[in-house]
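A short write-up of the structure that comes next.
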Amino acid sequence: MMKQKKENSWICFVVFFGVIWGLNLGFFISQSFGQTLIDALAKSYTSNPTLEAARAQLRATDEKVPQALSGWRPTLTGNASYGHEQEYTDTNQPLINAVEDERQPRDATLDFTQPIFRGFRTVSSTEQADNLVFAARARLFAVEQDVLLRSITAYVDVVRDQSVLELNTNNEAVLKRQLEATQERFQVGEITRTDVAQAEARLARSTAQRIASQGDLSSSRAIYKEVVGDMPGTLKTPPLPTNLPTSMDEVVRSAFYNPNVKEAEFSEKAARNQVDVAFGEMLPSVSLRGSIGVSKDVGRDDVYNRDGIIKAQVTIPLYQAGNVDARVREAKQSVSQRRQEIDEERRRAEQGAARSWLAWQTSQAQLVSLESQIRSAELALEGVKQESMVGTRTILDVLDAEQELLDAKVAYVTAERDRLVAAYSIFAATGHLTARDLQLPVQYYNYEEHYDKVKNKFFGVGESIDP
């Protein structure tokens with residue numbers, strides 16, 4: 001019971017920390033995010049099938065607690081029987097008649113067993129069930145973060161592809177006008193047929209790029225519908241949240257709160273409990289057994305026999321063919337496995353947090369460079385156009401300058417998308433990308449409600465399953 005109190009204290013601490021952290025994060029997101037993205041995340045939180053499946057899995061895991069607690073409770077068994085007996089005796093003697101006898105024996109019994117001591121298996125099983133529930137809750141938080149991050153990624157992918165399509169469409173229109181102007185200059189003899197062919201080739205290329213960007217947008221919209229549940233409209237780039245960590249060390253330290261790490265830690269504790277459960281089968285057990293019954297005397301129709309018995313039973317395992325010993329050793333090796341998995345998850349969380357931070361820093365630096373590149377490309381394009389008009393630059397020079405500007409703008413849009421994904425990947429890596437942290441306008445899933453409902457439930461098989 002002390003272990004359970006400690007885990008409950010941990011849960012309370014994490015919830016408290018998450019609420020305080022979420023107040024800050026939610027404030028900045030509510031100020032910076034458009035309603036459309038908030039609606040998208042709320043839609044994912046309330047209807048995403050992956051998240052709904054994880055919640056159902058948690059509710060199923062909750063049932064392990066009443067299963068473990070049933071070791072304290074009695075079992076009752078009723079038995080009843082009814083029969084017909086017919087006996088025919090033939091003496092084969094002429095002076096003695098044959099004897100025929102019919103009887104209807106019937107009886108009913110009620111047996112009960114009350115466990116008193118089971119080698120500490122009930123206590124260990126209950127602690128194990130609680131730790132499995134805590135692990136499943138951490139797994140639910142991990143799935144929730146993954147779904148929300150996928151929703152954000154799908155959202156900004158649509159935004160990126162919308163912008164790229166718009167850039168390619170505008171570029172195609174510019175090149176159409178460029179081709180028309182080139183043809184007019186060719187007709188008056190200012191330029192050659194080669195210049196016209198180069199303009200035609202660039203227009204065809206821009207058309208292909210526009211078609212490809214339309215396909216990319218359609219693909220991103222389909223992914224958005226898969227994750228969120230609705231087809232997106234025209235989305236706008238959401239501003240960046242302003243309360244990101246300030247250093248990689250801070251991000252890596254915060255990886256302690258990654259739900260995958262917490263799941264591994266609780267799974268290791270559950271494995272330790274399994275050692276105690278298996279070892280308990282080697283200890284004596286004590287139970288109270290009783291039985292009451294009534295039966296009809298087969299010899300007399302009006303006579304019923306009633307009996308009852310109650311006794312204490314002690315069972316001492318002496319030798320179990322080595323089966324229990326093997327299961328204890330197996331459980332100990334499972335503990336070793338879980339320990340290694342904790343170390344693996346910690347390393348993975350730290351590496352993921354560091355990678356997200358580096359991606360954030362990289363995209364930040366890229367955007368600064370790309371902004372400078374765009375400004376320079378715009379100036380260069382304007383200069384090349386003017387020089388082309390006086391004959392010091394060719395049509396190819398103008399086309400190349402326009403392509404460089406387009407490439408820079410597309411790269412900027414892509415880097416902007418990468419920066420947003422990296423920012424929210426940092427929140428996910430540190431365990432702070434939940435509905436509460438984002439302050440989504442939804443009713444938060446109460447993971448304790450079902451647990452409290454079934455924990456001490458003696459009867460009931462639950463709701464019917466829809467066909």
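Does L370 satisfy the criteria of being within 30 Å of A408 (Cβ to Cβ), within 41 Å of the chain's Cα centre (by Cα), surrounded by 16 or more Cβ atoms within 10 Å (Cβ to Cβ) and aliphatic (A, V, I, L, M)? Taking the combined requirement at face value, the residue satisfies it. If you check I191 against the conditions, is it farther than 30 Å from R436 by Cα and free of Cβ contacts under 8 Å to residues at least 40 places away in the same chain? No, not satisfied. Listed conditions (1) over 19 Å from A415 (Cα atoms); (2) in contact with a helix residue (DSSP H, G or I) (Cβ under 9 Å, 6 or more places away or on another chain); (3) in a helix (DSSP H, G or I) are all met by E184, apart from (2).
Conditions tested, residue by residue: (1) in a helix (DSSP H, G or I); (2) loosely packed, with under 13 Cβ neighbours inside 10 Å; (3) modelled with pLDDT of 95 or more; (4) not hydroxyl-bearing (S, T, Y).
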residue: S336; (1), (2), (3), (4): yes, yes, yes, no
residue: Q340; (1), (2), (3), (4): yes, yes, yes, yes
residue: A377; (1), (2), (3), (4): yes, no, no, yes
residue: E387; (1), (2), (3), (4): yes, no, no, yes
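From the residues in segment 305-349 that are touching a strand residue (DSSP E or B) at 6+ places or on another chain (Cβ under 9 Å) and among the β-branched types (V, I, T), which one is farthest from A255 (Cα to Cα)? Result: I309.
Somewhere in segment 407-414, is a residue within 30 Å of L41 (Cα to Cα), of a type in the set (S, T, Y) and assigned to a loop (DSSP other than H, G, I, E, B)? No - not one qualifying residue is present in segment 407-414.
Looking only at residues in segment 117-149 that are of a type in the set (A, V, I, L, M, F, W, C), surrounded by fewer than 20 Cβ atoms within 10 Å (Cβ to Cβ) and closer than 16 Å to Q67 by Cα, the one that is farthest from the chain's Cα centre (by Cα) is F120. Can you spot a residue in segment 395-407 that is buried (at least 21 other Cβ atoms within 10 Å of the Cβ), over 30 Å from T237 (Cα atoms) and more than 20 Å from the chain's Cα centre (by Cα)? Within segment 395-407, one or more residues are buried (at least 21 other Cβ atoms within 10 Å of the Cβ), over 30 Å from T237 (Cα atoms) and more than 20 Å from the chain's Cα centre (by Cα). Filtered by the rule that a residue be of a type in the set (S, T, N, Q) and at pLDDT 85 or above, segment 235-260 gives T246, S247, S254, N258, N260. Listed by first and then second residue, the pairs with beta-carbon distance under 6 Å, at least 6 apart or on different chains, first residue in segment 201-221 and closer than 26 Å to A154 by Cβ, second among the acidic types (D, E), are R210/E172; D216/D161; L217/D161; S220/D157; S220/D161. Taking into account only those residues within segment 160-179 that are free of Cβ contacts under 8 Å to residues at least 24 places away in the same chain and farther than 15 Å from S388 by Cβ, which is farthest from the chain's Cα centre (by Cα)? Only one residue fits best here, namely A173.
Would you check if T430 is out of contact with any His (no Cβ under 9 Å at 6 or more places or on another chain), among the hydroxyl-bearing types (S, T, Y), farther than 10 Å from Q145 by Cα and crowded, with 23+ Cβ neighbours inside 10 Å?
It is true that T430 is out of contact with any His (no Cβ under 9 Å at 6 or more places or on another chain), among the hydroxyl-bearing types (S, T, Y), farther than 10 Å from Q145 by Cα and crowded, with 23+ Cβ neighbours inside 10 Å.
Can you pull out every residue in segment 62-77 that is surrounded by 14 or more Cβ atoms within 10 Å (Cβ to Cβ), in contact (Cβ under 8 Å) with a residue 24 or more places away in the chain and in a helix (DSSP H, G or I)? Working first, answer last.
Step one: of segment 62-77, the residues surrounded by 14 or more Cβ atoms within 10 Å (Cβ to Cβ) are 62-66, 68-71.
Cutting the leftovers down to in contact (Cβ under 8 Å) with a residue 24 or more places away in the chain gives us 62-66, 68-69, 71.
Of everything in segment 62-77, those that are surrounded by 14 or more Cβ atoms within 10 Å (Cβ to Cβ), in contact (Cβ under 8 Å) with a residue 24 or more places away in the chain and in a helix (DSSP H, G or I) turn out to be D62, K64, V65, P66, A68, L69, G71.
T246 satisfies every condition listed in (1) in contact (Cβ under 8 Å) with a residue 24 or more places away in the chain; (2) surrounded by fewer than 16 Cβ atoms within 10 Å (Cβ to Cβ) except (1). Restricting attention to segment 209-264, the residues that are within 22 Å of the chain's Cα centre (by Cα) and of a type in the set (K, R) total 2. The residues of segment 200-222 that are among the aliphatic types (A, V, I, L, M) and surrounded by 15 or more Cβ atoms within 10 Å (Cβ to Cβ), listed by number, are L203, L217. The single condition among (1) of a type outside the set (F, W, Y); (2) assigned to a loop (DSSP other than H, G, I, E, B); (3) at pLDDT below 90; (4) closer than 30 Å to L41 by Cα that V298 does not meet is (4).
The values are calculated or read from the model by the stated rules, or taken from the named source; none is laboratory data. The model shown is predicted, which means the values in this text are computed figures rather than measured ones. With ideal geometry, Cβ positions are generated from the backbone for all residues, glycine too; neighbour counts draw on all protein chains shown.
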